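A.B. asks: Quick one: the structure is below, questions incoming.
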Amino acid sequence: MPDARDWEIVAALQDGYGLDDFDPADVQRVSEKIMITEEQYEKLVADGLIKPENLESEREKNQKKADSIFELATQTTYQLSTGQRRSVFVGSEDLFNVFYELTDFDGGEPADDMIRIPAEGWHPNDLHK
């Protein structure tokens, strides 16, 4: 998606909340990129581009693709040094808390074996701002 705000629209499309915050033309443009409507499926079948017997499998395939895009818009996956992967919802405080110990040392210094990642921007839990 060329516009970073498109990802916000994708997240809003997933749960149907907050779509009024965006220009309707932008919502339509983004939704057309990731979702196929029932009318579009009917036209694809009528035009012979999808065989009626393959319609359900096409829907499932397209839904998996849309779910993958929704996940990209709403989840952050990180990997620990042990190789274990974890995912957290982007909009929650969980994401901040995951990295809190790496980004905020309350004026102290990180341990020798830690990498310090400075936090960008403001966060409600940021007591220094």
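Every number here is computed from the coordinates shown, using simple stated rules; none is lab data. Computed from a prediction, not measured in an experiment: that's the story for all the values here. Every residue, glycine among them, receives a Cβ derived from its backbone with ideal geometry; neighbour counts consider all protein chains shown.
A.B. asks: Which lysines have a Cα less than 21 Å from the Cα of K51, not counting those fewer than 8 places away in the same chain?
C.D. replies: K43, K61, K64, K65
A.B. asks: Scale the Cα Rg of segment 4-75 by the rule-of-thumb value 2.2 N^0.38 Å and send over the ratio, two decimals.
C.D. replies: 1.22
A.B. asks: Also: What ranking of K64, K33 emerges when the number of other C-beta atoms within 10 Å of each C-beta is taken as an exposure proxy, fewest first?
C.D. replies: Fewest-to-most Cβ neighbours within 10 Å comes out as K64, K33.
A.B. asks: Please turn the phi angles of segment 6-13 into ³J(HN,Hα) values with the Karplus equation 6.51 cos²θ - 1.76 cosθ + 1.60 (θ = phi - 60°), one per residue in order, whole Hz, x for glycine and proline.
C.D. replies: Using θ = phi - 60°, the values come out as 4, 5, 5, 5, 4, 4, 5, 5 Hz.
A.B. asks: Also: Can you pull the one-decimal nm distance between simple spin-label points at L80 and E39, each 7 Å off the Cα toward Cβ?
C.D. replies: That separation, rounded to one decimal, is 5.0 nm.
A.B. asks: With a cut-off of 8 Å between alpha carbons and a minimum separation of six or more residues, what is the relative contact order of segment 4-75 in percent?
C.D. replies: In percent, rounded to a whole number, it is 41.
A.B. asks: DSSP loop (so not H, G, I, E, B), at most 10 other Cβ within 10 Å: list which chymotrypsin sites (Phe, Trp or Tyr not before Pro) in segment 15-57 pass both filters.
C.D. replies: Within segment 15-57, the qualifying chymotrypsin sites (Phe, Trp or Tyr not before Pro) (loop, at most 10 other Cβ atoms within 10 Å) are Y17.
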